Amino acid sequence: MDSRYLIDKHFLRQHTYRLLLYLLLFVSCAIMLLPFFWMVTTSFKLESEVLRMPPQWFPKDWLWRNYIKAWNVAPFGRYFFNSFFMAITTTIGEVITTILAAYAFAKMRFFGKNVLFAILLATLMIPGQMLLIPNYVTITRLGWFDRYEALIIPWLASVFGIFLLRQFFRSIPDELQDAARIDGCSRLRFLWQIVVPLSKPAIMTVALLKFLGSWNAFLWVLIMTNSNKMRTVPVGLTLFSSEVGTAYEQLMAASVLAIIPVLILFFFTQKQFIQGVARTGIK
Amino acid sequence: MKSWKIGVLGLVVVLLFGLLAVADDPVTITFWHAMSSRHQPNLQKLIDDFMVEYPNITVEAIYQGGYGDLQQKINAAVVAGNVPAIAQVYENWVTPIVEVLYPIGPAMTDEEKADIIDGLVGSNTYNGILYTVPFNKSIMVFYYRKDLVPTPPVTWEEYLQMAKDLTADTNDDGTIDQFGTGFRPAANPEQFLNFLDEAGGSILNEDWTEVTINNEAGLQAMEYAVSLAPYSLVTSSYMSDAFQANQVCMFIDTSAGYYYNNQAAETAGFEMGVVRVPMGPVNQRSMIQGTNLAVFDINQTQAQKDAAVLLARFLLRAENTVFWAEKGGYQPVTKSAYVTEEWESWVATHEYQQAMSAQMLDGFAQILHPNYGDIRYVIATMFEEAMLGEATPKEALDNGAAEIEALLE
């Protein structure tokens, strides 16, 4: 057989495969982007253009006033500050407590370790809704109601985060710890200088999940606060909907504003985020 | 003057000043509500008017999310003891917490009480006392496309026939794209409860000891609903969305949805009409929806409770319930409001209000059973199953009745 023909065939097969792959990726990407596209274009539409059939993909006039209207519905400036403050402090706090607890469960020996860990895991099975009223009572009695303490302190630890990091820390060989300790390294130093750098993707995943969780937290904030000065962006977003209808164009304008910080965060941390997802199998 | 007389006079003066001082003491009350951004400016306007009239009272209106969120928050606050002075409540939320409420009725005049629309008195009365008062009330009415329905149906039979006639495959692709009517059973089981009442049925008997939803009247109502199913778009979205997309020609929906339904019609380029719901075998009533106002008795000073009662009474005044209705798409909740010049001229210039007003004045309200939230969910499920053909009307009703029975225990 002609060798040129063979090369061409191989070349063709490889390119067809690649073309199909890109086509598939393009279609998947378009499907994923469609809601974002709809959100952004809707945020500029007239109320009457939102649900028009057949769909109107682009607004006739790009109305910035939807953003102004939405912004003025509630003190969104304050809401954004609170969302940031809550998300950043809970993320930092959770990462610290989770690393310490996960290390203890993964690498230390102490009485009742497994029982304690099982109890911790069991708390994951209790639906959050069931705990809402007892938590509300606790927060109120502690005098934290409608204060930052209520928004931050209960979220400084996470059983799920501990579980995730413990699994990751366990994959680090014990011999490494033994060698370090023989060389006079304390547990804390070993944790911060060896375990943490080795576990960066998993820690980033915990941090990002926490940041997103805090940024999107709705019910807890709504229940534990009363005043506008303590509320966050997701609470503000509910203002646009009622039982009988929704002001979609304003809701979408506010939603665009709400996801911008998350998008920026993702752009800066996407490498770690993707690594974390790949290694832990969680997204 | 004798010294004892001076003493008495002095005491009287001191008491009078004391009373005046108490009356003028500044008092702050909180009002928890679930009104979205469209309604908040109107609510704030009413509150501002109230504060002008009672300058010593400050009302802090606090948005607490949707109705479900508000209910959760009220329940939690009752346990923790940090309730608001006044809040929006649904009838069934009140039943389990009535002992922590401060009844508004005893502080009202007989005229004020008698002025509340008849259909709303029972649903605000607990243990024979008017505890709460109606606030943002809407009524189920019949919406239709004027271009396709020149004469709206008056009876169930006409409704069914028209739904059948209007259902069409307009683009000949083998699937129906224009339905005569539409239902959203999961979100709006009140559409079925209308049929149930019109057939003379009820969910429970008078003293809540027996489930009656699957009796003969219940079956008649469900069979009628299912007879409409082939000509109905069964959806979970707002009816206004389907209306705008030319998917439905007529439907039963709350009057509070008028703004959105009309907006949909205008966008789609047709005119919308509003009439009473079609007449059933027994009556032509429909369900009143929306919340009432409750004043809390715990952790509030007497001055706060009095101020909250004053606010509730203020909101019931004809001019205020009319303002709230005109601006927010709700219905006035007192009889006197319907004969005010303002409302009559509003109705004269807003044709759709004629049907809504007529429907409201003989509407029926939600039952007060404490588990109504769960009962409503069961009804929604059975209604959906029947409409989607997953169960026969009898099966759906019997299954639902058994579930409701369990909720009564």
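Bear in mind that the values in this text are calculations on the coordinates, not laboratory data. The shown structure was predicted, so the numbers you read here are calculated from the model rather than taken from an experiment. No Cβ is skipped: glycine too gets one built from the backbone with ideal geometry, and neighbour counts run over all protein chains shown.
Computed values, structure above
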| quantity | calculated |
| --- | --- |
| Gaussian network model of chain A, Cα within-10 Å springs - most flexible of A:Gly93, A:Gly128, A:Gly77 | A:Gly128 |
| Cβ-derived FRET efficiency at R0 56 Å, A:Val159 paired with B:Tyr54, nearest 0.05 | 0.65 |
| Ratio of the Cα radius of gyration of the protein assembly as shown to 2.2 N^0.38 Å, where N counts its residues | 1.16 |
| Pairs from B:Lys164/B:Lys394; A:Lys9/A:Lys271; B:Lys73/B:Lys335 whose Cα-Cα separation, in the structure shown, is over 29 Å | A:Lys9/A:Lys271; B:Lys73/B:Lys335 |
| Average Cα contact separation per residue, the range B:193-244, under 8 Å, 6 or more apart, as relative contact order % | 30 |
| Estimated distance in nm for a label pair at B:Ser237 and A:Arg147, the labels positioned 7 Å out from Cα along Cα-to-Cβ | 4.7 |
| Antiparallel bridge percentage (DSSP; both residues within chain B; nearest 5) | 60 |
| Label-reachable residues, the range B:301-316, where backbone N falls under 16 Å from a point 7 Å from B:Thr340's Cα toward its Cβ | B:311-316 |
| Residues of type lysines that B:Lys45 reaches as a straight line, Cα spacing below 16 Å, ignoring anything fewer than 8 places off in the same chain | B:Lys327 |
| Average Cα contact separation per residue, the range A:139-267, under 8 Å, 6 or more apart, as relative contact order % | 26 |
| Point-charge dipole on Cβ atoms (K/R +1, D/E -1) for chain B, about Cα centre, debye to 20 | 1540 |
| Pairwise FRET efficiency - B:Leu408 versus B:Gln302, Cβ, R0 = 35 Å, nearest 0.05 | 0.40 |
| Residues A:Asn228 and A:Lys200, FRET efficiency given R0 of 35 Å [Cβ-Cβ distance, rounded to 0.05] | 0.35 |
| Positive-pole candidate from A:Thr246, A:Thr42, A:Gln270, dipole of chain A, charges at beta carbon | A:Gln270 |
| Net lengthening on full extension, B:Val282/B:Glu158 (0.36 nm per residue, minus Cα-Cα) | 43.1 nm |
| Cβ-based exposure ranking for B:Tyr377, B:Tyr102, in which fewest neighbours within 10 Å come first | B:Tyr377, B:Tyr102 |
| Choice from A:Trp215, A:Trp38, A:Trp71 showing the highest fluctuation, given a GNM over chain A with Cα pairs closer than 10 Å | A:Trp38 |
| Ellipticity estimate at 222 nm from DSSP helix runs (n ≥ 4, -39,500 (n - 2.57)) divided over chain A, nearest 500 | -23000 deg cm²/dmol |
| Chain A: DSSP helices with Cα axial extent of at least 20 Å and average Kyte-Doolittle hydropathy no lower than 0.5 | A:3-42, A:76-107, A:200-216, A:248-280 |
| Cα centre as origin, Lys/Arg/Asp/Glu Cβ charges: the range B:223-319 dipole, Debye | 300 |
| Distant-in-sequence amide H partners of B:Ile62 (H built 1.01 Å from N, under 5 Å) | B:Phe31, B:Trp32, B:His33 |
| Peptide ranges B:344-356, B:294-306 listed from the most packed, as the mean C-beta count within 10 angstrom indicates | B:294-306, B:344-356 |
| Contour excess over end-to-end distance, with Cα ends at A:Met108 and A:Asp174 and 0.36 nm allotted per residue | 22.7 nm |
| Mean separation of Cα contacts under 8 Å, 6 or more apart, over the residue count of the range B:118-239: relative contact order % | 22 |
| Cα centroid separation - the range B:38-117 against the range B:141-213, whole Å | 34 |
| Linear extension gain, B:Lys394 paired with B:Ala348, 0.36 nm per residue minus alpha-carbon span | 12.1 nm |
| Residue among B:Phe296, A:Leu188, B:Leu193 farthest towards the positive dipole end of the protein assembly as shown, charges placed on Cβ | A:Leu188 |
| Top of A:Phe110, A:Phe26, A:Phe273 by mean-square fluctuation, Gaussian network on chain A, Cα under 10 Å | A:Phe26 |
| About the Cα centre, charge dipole magnitude for the range B:163-235 (Lys/Arg +1, Asp/Glu -1 at Cβ), debye | 120 |
| At least 27 Å along the helix axis (C-alpha) and Kyte average at least 1.6, DSSP helices within chain B | B:3-24 |
| Cα centroid separation, the range B:313-356 to the range A:198-240 (Å) | 42 |
| Proximal charge balance of B:Leu204 [Cβ under 11 Å; K/R count +1, D/E count -1] | -4 |
| Dipole of chain B, positive end: most advanced residue of B:Pro96, B:Ser227, B:Gly280 [Cβ charges, Cα centre] | B:Pro96 |
